[in-house]
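What follows is a short report on a single structure.
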Amino acid sequence: MANKEIPYKIYLEESELPRQWYNVRAHMKNKPAPLLNPATYKPMTAEELEPVFCRELVQQELNDTDPWIDIPEEIVNFYKMYRPSPLVRAYCLEKKLGTPAKIYYKFEGNNTSGSHKLNSAIAQAYYAKKQGLKGVTTETGAGQWGTALSMACAYFDLDCKVYMVKVSYEQKPFRREVMRTYGATVTPSPSDTTEVGRKILAEHPGTTGSLGCAISEAVEAATSQEGYRYVLGSVLNQVLLHQTVIGLETKTAMDKYGIKPDIIIGCAGGGSNLGGLISPFMGEKLQGKADYQFIAVEPASCPSFTRGKFAYDFCDTGMICPLAKMYTLGSGFIPSANHAGGLRYHGMSSILSQLYHDGLMEARAVEQTSVFQAAEQFARVEGILPAPESSHAIRVAIDEALKCKETGEEKTILFGLTGTGYFDMVAYEKYNNGEMSDYIPTDKDLEAGFAGLPKVPENL
Ligand SMILES: *Cc1c(COP(=O)(O)O)cnc(C)c1O
């Protein structure tokens, strides 16, 4: 098999779609720390989580032991509309760079929402429907998650209320209209429709909002209305679990052609696509079956892994969600206003945080002008217009390929291309006009965020 000519695009058959998600926690020696009740500092129980999240999703959230979890038939059928997604050999990029490295990317932008987020949206909408709920609430920043969720809710005939970070609501009117076309209600956050929104507006008049603040509003909207639950597009264990379809398909496709990646790269916002891509490979590493180098890429302006603290923190600005132990910049941290490239969440998946803490994964922070440079270079040879978020991974993939050019090593590099950037043209415009700048927070900037970390007693 190893000698087989490798096509530009490796497509799997529909019959090769994963039928189970892979739960990497089952093979982690050090399990991710449990969510804590912010009032008692005790681990959240299923009973405490169920008023907020769907029942079945709570089970997935708390499941540290089962390595495989069946994907319900209805979800597999929805996946068939846009999956399996292609694994692409970036022959054109390799040639352009003049590198001996072999570069592959798994492309998740081939659906209307334009990103991998649909993989979890459909699962979360399915479980909400199955539980007999009326609808779900959520937050969205750049809009990809809200779009994916509104598509999924339309499919299952569920009501969908999206709190959209105000700056995006204003800058991305088309994103908003896509969501409304799929039937969602979109409210700019902070809003006066929730208590927490009114409080934030009173304390910070004129604020353009943040993800953490929109989360607080969405949670309040879910818990204060009969028949609603809150759903989240990243960070949580359940989301990372659903995203393992990315890694499982990639592994199947690579195994078919006898390809073994040396380096696996992904952008990291809340960690769901990266976690989903690397899970099956990380599982092999954890079990001593194979070794890989994993690299998480984050913006230098929101450096949770590379400069954050590994600590319990609030997941939202309103401090109403459970506490999660993660690499965090503090729930009050808001990236500087010139930051255009997404991945602006203050924290990181607990699973990835633990893996990083245990030295099983590396992280790099990159500046946004260099990210857009990589995006432009990639678009011109590979054709796809990448999302700014995805372009963080492109940046480091190119950097690694250029290192191979110097050393002559023929490494195999795999990265996750999470989505397309058609709704990010304001950012591209800035870059094209030479008006994009970089801002790296000072230690003093970060101290302010760390000062807001909850004082959780040691040795609970
Ligand atoms: C949301 C998003 C990300 C970041 O989220 P993760 O949970 O870290 O995967 C990356 N790329 C795209 C295109 C996104 O929409």
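The values are calculated or read from the model by the stated rules, or taken from the named source; none is laboratory data. Quick caveat: nothing in here was measured; it's all calculated off a predicted structure. Neighbour counts are summed over all protein chains in view; Cβ atoms, including those assigned to glycine, are modelled from backbone coordinates with ideal geometry. Note: areas computed on protein heavy atoms with side chains; ligands, DNA, RNA excluded. Shrake-Rupley method; radii C 1.70, N 1.55, O 1.52, S 1.80 Å.
Computed quantities for the displayed model
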item: Condition check for Lys444: surrounded by fewer than 16 Cβ atoms within 10 Å (Cβ to Cβ), assigned to a loop (DSSP other than H, G, I, E, B) and not hydroxyl-bearing (Ser, Thr, Tyr); result: no
item: Neighbours by Cβ (under 8 Å, 6+ apart or cross-chain): first from region 222-251, more than 16 Å from Gly135 (Cβ to Cβ) and hydrophobic (A, V, I, L, M, F, W, C); second more than 12 Å from the ligand (Cβ to nearest atom) and at pLDDT below 95; result: Val235/Cys315
item: Residue match in region 168-184 (condition: away from the ligand (no atom under 16 Å from the Cβ) and in contact (Cβ under 8 Å) with a residue 60 or more places away in the chain); result: no
item: Tabulated pairs, region 41-62, first open to solvent by 70 Å² or more (accessible area, probe 1.4 Å), second outside any helix (DSSP H, G or I) and acidic (Asp, Glu), C-beta under 7 angstrom, 6+ apart or interchain; result: none
item: Set Lys31, Lys4: member being open to solvent by 70 Å² or more (accessible area, probe 1.4 Å), in contact (Cβ under 8 Å) with a residue 12 or more places away in the chain, under 21 Å from the mean Cα position of the chain (by Cα) and more than 25 Å from Leu118 (Cβ to Cβ); result: Lys31
item: Residue within region 88-95 that is in a loop (DSSP other than H, G, I, E, B) and either open to solvent by 80 Å² or more (accessible area, probe 1.4 Å) or on the phi > 0 side of the Ramachandran plot (or both) present; result: no
item: Complete set of residues in region 219-271 that are within 19 Å of Leu158 (Cβ to Cβ), outside any helix (DSSP H, G or I), more than 13 Å from the ligand (Cβ to nearest atom) and open to solvent by 10 Å² or more (accessible area, probe 1.4 Å); result: Ser224, Gln225, Glu226, Gly227, Tyr228, Arg229
item: Filter pass, Asn119 being part of a helix (DSSP H, G or I) and within 16 Å of the ligand (Cβ to nearest atom); result: yes
item: Count of region 277-322 residues which are of a type in the set (Lys, Arg) and either part of a strand (DSSP E or B) or without any contact (Cβ under 8 Å) to a residue 40 or more places away in the chain (or both); result: 2
item: Region 285-313: number of residues that are over 25 Å from Ile398 (Cα atoms) and either in contact with a Cys (Cβ under 7 Å, 6 or more places away or on another chain) or open to solvent by 10 Å² or more (accessible area, probe 1.4 Å) (or both); result: 9
item: Out of Ser353, Ser331, sole residue that is surrounded by 24 or more Cβ atoms within 10 Å (Cβ to Cβ), outside any strand (DSSP E or B) and modelled with pLDDT of 95 or more; result: Ser353
item: Members of region 272-284 that are within 12 Å of the ligand (Cβ to nearest atom) and of a type in the set (A, V, I, L, M, F, W, C); result: Leu274, Leu277, Ile278
item: Filtered residues of region 401-422 (kept if open to solvent by 10 Å² or more (accessible area, probe 1.4 Å) and more than 16 Å from the ligand (Cβ to nearest atom)); result: Leu402, Lys403, Lys405, Glu406, Thr407, Gly408, Glu409, Glu410, Lys411, Thr412
